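Bear in mind that the values in this text are calculations on the coordinates, not laboratory data. What you see is a predicted model, and the numbers here were worked out from it, not measured in a lab. Counting neighbours? That spans all protein chains shown, and the Cβs are built from the backbone with ideal geometry, glycine included.
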Amino acid sequence: MGDVGTCRDNAVVERLFGSLKHDWIFKVAQPTREQMRQDVTAYMRYYNQERLHSSNDNMSSVKFEISQINVSCLGRPERSSVACFF
């Protein structure tokens, strides 16, 4: 595609799909397309909301992002942690 680090570098997506195939699709029977769709949806929910990442202090992606929002809003008590960017 492009050089490493360019906007066309899709390493993140390749990593997600690699994990999806290795951890889920090849290990779970997929009798129908509907079952496959439900399984992929469930895996993506797991991958983003439950799976612990060692690079994120063993937090899920969602919890890590929320912790970063909370940290960036410190010192701004007049605004809630979610609304600090709005």
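Points to keep in mind about this one:
- From phi via Karplus (6.51, -1.76, 1.60), per-residue ³J(HN,Hα) for the range 45-59 in Hz, x at Gly/Pro: 5, 4, 4, 8, 9, 10, 5, 7, 10, 5, 6, 10, 6, 6, 10
- Under the simplified labelling scheme, the residue 50-residue 64 pair shows an inter-label distance of 1.9 nm, with each label point 7 Å from Cα along Cα→Cβ.
- Long-range HN-HN contacts of residue 30 with modeled amide H, under 5 Å: none
- Packing-based ranking, highest mean first, of 17-29, 56-68 given that Cβ atoms within 10 Å are counted: 56-68, 17-29
- Förster-model FRET efficiency, 30 Å R0, residue 14 and residue 71, C-beta, rounded to 0.05: 0.50
- Amide hydrogen proximity for residue 59: with H placed 1.01 Å from N in the peptide plane, the residues at 5 or more positions away or on another chain lying under 5 Å are 53.
- Note on residue 28 and residue 40: their simple-model spin labels are 1.3 nm apart, each label 7 Å out from Cα toward Cβ.
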